[in-house]
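Student: Quick one: the structure is below, questions incoming.
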Amino acid sequence: MTQAKGLSDVLAPGLSVVFCGLNPALSAVRDGHNFSAPSNRFWRVLHLAGFTPRLLRAEEERELLRYGCGITAAVSRATRSADELMLNDYVEAAPALEVKMRKIAPANLAFLGKAAFAAISARDCDWGKQSEVFAGATTWVLPNPSGLNRAFSLDRLTAHYRDLKSTL
C-alpha cells in the first residue's frame, strides 16, 4: 500500500494500532521512510511509551509490524509542513483512508494531530480516546511528534502515547 510516491504505508491485517500522520513530509518521501526527519520524535516517543522494546530508526519502520503497530497518512500528498493542507484535503482523503482501514481492520487508529480527525469527524476534539469509531477502529487523537510541534515536550508527548499503549 502506498502513500506518496516513494513512501509506503507500514500495514498488515489485524494490527493493534495504526498511527495515522497528517501527511508525509517531503523529507520522508525523499528518504523513502516514514518519520525520517532527524527532528521528528515519532520513533523516540514510540520507544519511550513502550510500543517498541528498543529505539527503531526510520529505516527499520517495517519492524513495527512485529509489535502490532502500523503507519499510514490521512492525506497522501507530501508537503514541507502540514500547515499547507486545507480542511478539504482531509475530507477528500477520508474515503480512501476508510477503505484502507476496513481492509486491514486495526483495533485502534491513532491520528497524530487534531487536524485530520477534526476534519473527518466535523467536530472539535480533545487529546486521547474519542467516542467515534472510524472504519471499525477505536479512534485516538495524539499530539503530532513533528519537530515543528513545539507545544509538546518529549515527556508530554510520551505521556499521551503511553495512555494509548496502556489500553492495548
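The values are calculated or read from the model by the stated rules, or taken from the named source; none is laboratory data. Since the model is a prediction, treat every value here as computed from it, not as a measurement. Using ideal geometry, Cβ is built from the backbone for each residue, glycine included, and neighbour counts are taken over all protein chains shown. With ligands, DNA and RNA removed, areas are computed over all heavy atoms of the protein, side chains included. Shrake-Rupley method; radii C 1.70, N 1.55, O 1.52, S 1.80 Å.
Student: In the set Ala94, Ala73, which member is aliphatic (A, V, I, L, M), touching a Pro at 6+ places or on another chain (Cβ under 7 Å), crowded, with 17+ Cβ neighbours inside 10 Å and in contact (Cβ under 8 Å) with a residue 24 or more places away in the chain?
Tutor: On inspection, the qualifying residue turns out to be Ala73.
Student: Does Ser27 satisfy being part of a loop (DSSP other than H, G, I, E, B) and among the hydroxyl-bearing types (Ser, Thr, Tyr)?
Tutor: No: the conditions fail for Ser27.
Student: Under the condition of being of a type in the set (A, V, I, L, M) and over 14 Å from the mean Cα position of the chain (by Cα), which residue from region 108-127 is most open to solvent (accessible area, probe 1.4 Å)?
Tutor: Ala122
Student: For region 134-154, which positions are surrounded by 19 or more Cβ atoms within 10 Å (Cβ to Cβ) and either in contact with a strand residue (DSSP E or B) (Cβ under 6 Å, 6 or more places away or on another chain) or among the charged types (D, E, K, R) (or both)?
Tutor: Phe134, Ala137, Thr139, Trp140, Val141, Leu142, Asn144 - these are the residues of region 134-154 that are surrounded by 19 or more Cβ atoms within 10 Å (Cβ to Cβ) and either in contact with a strand residue (DSSP E or B) (Cβ under 6 Å, 6 or more places away or on another chain) or among the charged types (D, E, K, R) (or both).
Student: Could you go through region 6-25 and let me know if any residue there is modelled with pLDDT of 95 or more and more than 23 Å from Ala137 (Cβ to Cβ).
Tutor: no
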